[in-house]
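Colleague: This structure is in structure tokens; I'll ask about it shortly.
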Amino acid sequence: MSKSSLPDYVNPRRLAVQGMALEGQISADSFKRIAEVATITSQGVEVSLKFFCDEENFKVISGTVEVELDLDCQRCLSPVNVKVISDFEVAIAASDESAKNIPKHYEPVIVEEDTLELVPLIEEELILALPMHAYHDDCDVQMSFGETELDAAEVEETTPNPFHVLANLKVGKSKN
Ligand SMILES: [Zn+2]
């Protein structure tokens, strides 16, 4: 079950004309933008891309990308593991101008020359697919709200130092 690694760059128009498919895994380290908001917990990102020309001769990449990552639970702020799968269809445009002609059911991707870097495309699609709010299914914050051991420890630490209390008393007295 060994997976070939994908190329960093492809010529998407040529692959579309050839009707090629690419499949493989991209290492988690490659996804710096995702690393800012989540921790990838799977070995990498599973990528499956099909390149083809549609009936109107648009060059299309149809892709499925899959990853497991830890997001912060919005209730308890501890990590919650989620599987994110993104299915997308993008069409290659030569410029912003020609992107306007791309049918609405495709996302346009501008490729001016003959090379497309795969990681930014895949990372963008994954970021769009991230859940806005992640929660544990069985998040226990509701039951233990305000009663956790952590809270107790924090209270203890913030108990005023008795000498500070004395100092305050002194100041109070001298004011009278
Ligand atoms: Zn939680």
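Colleague: Note down all Cβ pairs under 8 Å where the first residue falls in the range 98-116 and is without any contact (Cβ under 8 Å) to a residue 24 or more places away in the chain, the second is part of a loop (DSSP other than H, G, I, E, B) and loosely packed, with under 12 Cβ neighbours inside 10 Å, and they're at least six residues apart or on different chains.
Modeller: Close Cβ pairs (under 8 Å, with a partner that is part of a loop (DSSP other than H, G, I, E, B) and loosely packed, with under 12 Cβ neighbours inside 10 Å) amount to Ile110/Ser95; Glu112/Ser95.
Colleague: Has the range 40-53 got any residue that is within 16 Å of the ligand (Cβ to nearest atom), more than 14 Å from Leu121 (Cβ to Cβ) and not in a loop (DSSP other than H, G, I, E, B)?
Modeller: no
Colleague: Go through the range 1-25 and give me each residue that's of a type in the set (A, V, I, L, M) and either farther than 17 Å from Thr64 by Cβ or modelled with pLDDT of 95 or more (or both). First the steps, then the outcome.
Modeller: Taking the range 1-25 first, the residues of a type in the set (A, V, I, L, M) are 1, 6, 10, 15-17, 20-22.
Answer for the range 1-25, where residues must be of a type in the set (A, V, I, L, M) and either farther than 17 Å from Thr64 by Cβ or modelled with pLDDT of 95 or more (or both): Met1, Val10, Leu15, Ala16, Val17, Met20, Ala21, Leu22.
Colleague: Does the range 77-93 contain at least one residue that is farther than 21 Å from Glu23 by Cβ, among the polar types (S, T, N, Q) and under 19 Å from the mean Cα position of the chain (by Cα)?
Modeller: The answer is yes; a qualifying residue exists.
Colleague: Among the aromatic types (Phe, Trp, Tyr) and under 11 Å from Ile122 (Cβ atoms): which single residue out of Phe58, Phe31 fits that description? Can you show your working first?
Modeller: On the way: Phe58 fails: under 11 Å from Ile122 (Cβ atoms).
Just one listed residue meets the conditions, Phe31.
Colleague: Of all the residues that make up the range 120-139, how many are surrounded by fewer than 18 Cβ atoms within 10 Å (Cβ to Cβ), modelled with pLDDT of 90 or more and of a type in the set (A, V, I, L, M)?
Modeller: Result for the range 120-139: 4.
Colleague: Test Ala21 against the criterion of being over 30 Å from Cys139 (Cα atoms) and free of Cβ contacts under 8 Å to residues at least 24 places away in the same chain, and give yes or no. Walk me through how you get there before you give the answer.
Modeller: Details: over 30 Å from Cys139 (Cα atoms): yes; free of Cβ contacts under 8 Å to residues at least 24 places away in the same chain: no.
Considered against the rule, which asks whether it is over 30 Å from Cys139 (Cα atoms) and free of Cβ contacts under 8 Å to residues at least 24 places away in the same chain, Ala21 comes out as no.
Colleague: Where residues in the range 63-72 are of a type in the set (Asp, Glu) and free of Cβ contacts under 8 Å to residues at least 60 places away in the same chain, which of them is nearest to the ligand (Cβ to nearest atom)? Break it down into steps so the answer makes sense when it comes.
Modeller: So the first thing to find is which residues in the range 63-72 are of a type in the set (Asp, Glu), and the list is 66, 68, 70, 72.
Retained after the next criterion (residues that are free of Cβ contacts under 8 Å to residues at least 60 places away in the same chain): 66, 68, 70.
On the way: Glu66: 23, Glu68: 17, Asp70: 12 Å.
The qualifying residue nearest to the ligand (Cβ to nearest atom) is Asp70.
Colleague: Please tell me if Ser98 is part of a helix (DSSP H, G or I), within 19 Å of Asn11 (Cβ to Cβ) and among the polar types (S, T, N, Q). Give the steps one after another, and end with the answer.
Modeller: Working: part of a helix (DSSP H, G or I): yes; within 19 Å of Asn11 (Cβ to Cβ): yes; among the polar types (S, T, N, Q): yes.
For Ser98, the condition - part of a helix (DSSP H, G or I), within 19 Å of Asn11 (Cβ to Cβ) and among the polar types (S, T, N, Q) - is met.
Colleague: So the check is Cβ under 7 Å with 6+ separation or different chains; which pairs have a first residue in the range 73-95 that's more than 19 Å from Ile40 (Cβ to Cβ) and a second one that's assigned to a strand (DSSP E or B) and within 16 Å of the ligand (Cβ to nearest atom)?
Modeller: Pairs found: Gln74/Ala134.
The values are calculated or read from the model by the stated rules, or taken from the named source; none is laboratory data. The structure presented is a predicted model; accordingly, all values stated were derived computationally and were not measured. Don't worry about glycine lacking a Cβ; one is built from the backbone with ideal geometry, like all the others, and counts go over all protein chains shown.
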